[in-house]
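Enquirer: My structure is below; once you've seen it, I'll send some questions.
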Amino acid sequence: MLRFLSRLMILFGVVVVIALAVFHVAVLEDDPLVAAATPPVAEDVRSVRELVRNVRDATNAETAEDAIVLTQIDQLNSLARMGARFLPGFRGEMTVQGDVLAGRVSLPVPWVTGRKWVNLSGNVPAFSDQVHFEDVRLGQLPIPASVAYWGVRLGGDLVIGDGFGQTVLTAANSMEITGDTLALAVSLDDIGSNGIMRGVFGQLRGQEMPEAVEADSYYLAIREAIEDGRLPVEGSYLPYLTFTLQLVIDQSGPEAYQNDYTAAIMALARACGARDFSLVIGGLAFGDTVADDGWQRDCTQVTFNDRIDTRRHFTTAAALQAASNRGFSVSIGEFKELHDTISGAGGFDFTDLAANSSGIRLSDVLMRTPFDQWPALVARLQSEADVVISFDDIPGLMEEDAFQAEYGGLDSPAYLRMADMIERRIDQLDLYAPQ
C-alpha cells in the first residue's frame, strides 16, 4: 500500500510538472496580444451610458418577445477601456469582420522570471439559434468550439455564480451584424428579473445582495420620517445619515447587519442620492412595494457642506460601495465627472470626487466594523465635518480643455496626487481617528 501511494504521488508530481511546462510554453507569452489602451475619456463614458440605456430600455419593455439590444462596436471597445479601471492590467478589444465579431483579451500574470501574459482570442459569428465560437486560441493552444462554449459557461458560473454563464449563453437567441452595429436578441424569461445583475453585484461585494423588498422597507421608513417632520426638508443632511444608521442598529443584528446596511443606504440613495443611481443599480434597489406618489415633503433642498450636489454624490457613492467594492464605486464617480465635461453639466469637479470618496469611506468602515461597535461609532457622528471633508484647496468645476491641460487624464501623476491628497484628508476625519 505504501509503495502504491508513493508511486501515485510521483505520478501526480510528474503530471503537475508537465502541466506547468505546457502552460508555460503554450499559454503564457512574453508579450500581450492587445496593445495598452489609453485611459477612458469623456466620449467613452458617453458611449457606454448610451449602451446601458439601450440595454435597460430593451429589457424593461413589457413584451413576451425577445428584447433587441442594439450596440456599436465602438461602444463595446469603450466598455473594455472602462473595464480596465476595475481590472488593473486588463486589455481587451473587439472588431467586426463582415458578419463575425472578433475579440482579443490580454491579462498580466506574475511569473518567477517576470511578468507574463495570458492571451485569449476568438470569434463569434452571427447566429440565429445558439451562440457558438470559432477560431478560439488560448496562447498558442487552439480551443475546440465545444470546449470554448463549456469554458465560457463554467467561467461565468464560477466567477459570478447563480448559473450566470449558462444564463447568458441561453438567453442570447440571435445576433445580426450590419456594418458596425450588432443587434442581439435576448430572452427575458431566461434572464429573469435582475438575476444577472444581482449575481454581478454579489460577486463584486463578496456576498449576496439584499432583496429589493428589504430596501423598500427602509425607504418607506425614511420617507415617512420626512413626511411627519422627524427629518428636515432643509438645512444639514447629517440627521438623515444618523437616522438611517440608527434604523440598522435597531432592526439588525451581528449576522445580517452588512446586508441591512446595504439595503438601508440604497434606500437613502433612492430618496436623496443622484438621479443616475437607478441607471447603475436599477431594480436591485427599487422594488414594487412602495409607490413614489403622494409624498408632500422631500430632501431635495437638504445640503451637505452647504451643497445639494455634495449630498447626492456622498449618498450615491456610499450606496455603490456597499453594493459592490471600492474599485467599482471610485471608477463610477470618475466616469461621471468625465461625462460632465461634455454633457453641459459644467465640467470635471474634484470636490464631487471628494464627496464620493467621503461616502465610500463611510460605507467601507461600516461594512468592516463589527456590529457591536456600531452604536459607539455612530455616536461619534456629531457634525458634518466628522464624515465629509472640507473642500478647501480642492479644485472645482473645470471644462474639458482646462482639465486636460492641468491634469491630463485619470492616470496622470497630477491627477493621482490630487486623488491621494483627498484620501489623506479623509484619513484625518474624527470619525476614523484611533480612539
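The values are calculated or read from the model by the stated rules, or taken from the named source; none is laboratory data. If you're wondering where the values come from, they're calculated on a predicted model, not measured in any experiment. Glycine also receives a Cβ, built like all others from the backbone with ideal geometry; neighbour counts cover every protein chain displayed. Ligands, DNA and RNA are excluded from the accessible area calculation, which covers all protein heavy atoms including side chains. Shrake-Rupley method; radii C 1.70, N 1.55, O 1.52, S 1.80 Å.
Enquirer: Which ones in the range 103-121 are under 26 Å from the mean Cα position of the chain (by Cα), farther than 25 Å from THR178 by Cα and either of a type in the set (Val, Ile, Thr) or exposed (fewer than 13 other Cβ atoms within 10 Å of the Cβ) (or both)?
Expert: VAL109, PRO110, VAL118
Enquirer: For the subset of the range 258-275 comprising residues that are open to solvent by 20 Å² or more (accessible area, probe 1.4 Å) and not charged (D, E, K, R), which member is modelled with the lowest pLDDT?
Expert: ALA274
Enquirer: Any idea how many residues of the range 377-398 are outside any loop (DSSP other than H, G, I, E, B), more than 16 Å from ASP306 (Cα to Cα) and either open to solvent by less than 20 Å² (accessible area, probe 1.4 Å) or in contact (Cβ under 8 Å) with a residue 40 or more places away in the chain (or both)?
Expert: Number satisfying all stated conditions: 4.
Enquirer: Here's a follow-up. If the Cβ limit is 6 Å and pairs must be 6+ apart or interchain, which residue in the range 143-172 that is open to solvent by 30 Å² or more (accessible area, probe 1.4 Å) pairs with which residue that is modelled with pLDDT of 85 or more?
Expert: ILE143/VAL136; ALA145/HIS132; ALA145/PHE133
Enquirer: So ALA433 ticks every box in (1) in contact with a helix residue (DSSP H, G or I) (Cβ under 9 Å, 6 or more places away or on another chain); (2) in contact (Cβ under 8 Å) with a residue 12 or more places away in the chain; (3) surrounded by fewer than 16 Cβ atoms within 10 Å (Cβ to Cβ) but one. Which box is left unticked?
Expert: (2)
Enquirer: Given GLU43, GLU62, GLU93, which one is surrounded by fewer than 18 Cβ atoms within 10 Å (Cβ to Cβ), outside any helix (DSSP H, G or I) and either at pLDDT below 75 or in contact with a helix residue (DSSP H, G or I) (Cβ under 8 Å, 6 or more places away or on another chain) (or both)?
Expert: Exactly one residue qualifies, and that residue is GLU62.
Enquirer: Failed condition for VAL124, given (1) in contact with a helix residue (DSSP H, G or I) (Cβ under 7 Å, 6 or more places away or on another chain); (2) without any contact (Cβ under 8 Å) to a residue 60 or more places away in the chain; (3) crowded, with 16+ Cβ neighbours inside 10 Å, with all others met?
Expert: For VAL124, the exception is condition (1).
Enquirer: Taking the range 172-215 as the region of interest, how many residues are modelled with pLDDT of 75 or more and under 24 Å from VAL55 (Cα atoms)?
Expert: The number of residues fulfilling the criteria is 20.
Enquirer: Follow-up. Out of GLY409, GLY346, GLY359, I need the residue that is of a type outside the set (Val, Ile, Thr), closer than 20 Å to ASP306 by Cβ and not in a helix (DSSP H, G or I). Which one?
Expert: GLY346
Enquirer: Then there's this: Being in contact with a Lys or Arg (Cβ under 8 Å, 6 or more places away or on another chain) and surrounded by fewer than 18 Cβ atoms within 10 Å (Cβ to Cβ) is the filter here, so list the residues in the range 230-257 that pass it.
Expert: Residues satisfying the conditions are VAL233, PHE243.
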